[in-house]
1. Quick one: what pairs do we get from the range 54-65, first residue under 12 Å from Met4 (Cβ atoms), second charged (D, E, K, R) and in a helix (DSSP H, G or I), C-beta under 9 Å, 6+ apart or different chains?
2. For Val14, are the conditions met, namely being out of contact with any strand residue (DSSP E or B) (no Cβ under 6 Å at 6 or more places or on another chain), modelled with pLDDT of 85 or more and in a helix (DSSP H, G or I)?
3. Only one residue in Ile81, Ile107, Ile97 is modelled with pLDDT under 80 and among the aliphatic types (A, V, I, L, M). Which one?
4. Inside the range 61-78, can you point out the residues that are crowded, with 16+ Cβ neighbours inside 10 Å and either in a helix (DSSP H, G or I) or modelled with pLDDT of 85 or more (or both)?
5. For the condition of a type in the set (Phe, Trp, Tyr), modelled with pLDDT of 80 or more and either surrounded by 11 or more Cβ atoms within 10 Å (Cβ to Cβ) or in contact with an Asp or Glu (Cβ under 9 Å, 6 or more places away or on another chain) (or both), what is the one hit in Tyr45, Tyr53?
Amino acid sequence: METMKSRLKGSKPVKVVSLLASLVLPACALDMGTTNVVMDVVNPYYLLFLGFYGCIFLCLSWEGKWLWLKVVLVAANAAFISLFVFVAFMGGLGGPILALLQMVVPIVPWIPLFG
């Protein structure tokens, strides 16, 4: 019986989706700092889960000579997630808690709990 990790490593669609998902947060965050085209439509806090879960699947599915790509993307996502959580401190202690909860479980509407 093959394990989930071995199935993820052999699946090309999972590799492509994990790569694209881990690229979305840094690309939108860089756009927010330069042209601000995407951020007029999308709140970056709603994209934290893409960076978080994209990096998890990226680390599980990519291997071998692509280690440098994993390191760069995980570091970029960690930097932008840390930046967004630091900015969320303006909302008090509930701000970073809300940002981290929204990153881990994006479907649940957490805002009424802290509003």
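1. What qualifies is Phe57/Lys15; Leu60/Lys5; Leu60/Lys9; Ser61/Lys5; Ser61/Lys9; Ser61/Lys15.
2. Working: out of contact with any strand residue (DSSP E or B) (no Cβ under 6 Å at 6 or more places or on another chain): yes; modelled with pLDDT of 85 or more: no; in a helix (DSSP H, G or I): yes.
For Val14, the condition - out of contact with any strand residue (DSSP E or B) (no Cβ under 6 Å at 6 or more places or on another chain), modelled with pLDDT of 85 or more and in a helix (DSSP H, G or I) - is not met.
3. Values: Ile81 fails: modelled with pLDDT under 80; Ile97 fails: modelled with pLDDT under 80.
Unique residue meeting the criteria: Ile107.
4. Ser61, Lys70, Leu73, Val74, Ala76, Asn77
5. Sole residue among the options that is of a type in the set (Phe, Trp, Tyr), modelled with pLDDT of 80 or more and either surrounded by 11 or more Cβ atoms within 10 Å (Cβ to Cβ) or in contact with an Asp or Glu (Cβ under 9 Å, 6 or more places away or on another chain) (or both): Tyr53.
The values are calculated or read from the model by the stated rules, or taken from the named source; none is laboratory data. All figures in this text were calculated on a predicted structure; none of them were measured in a lab. Reconstructed Cβ throughout: ideal geometry from the backbone, glycine too, with neighbour counts over all protein chains shown.
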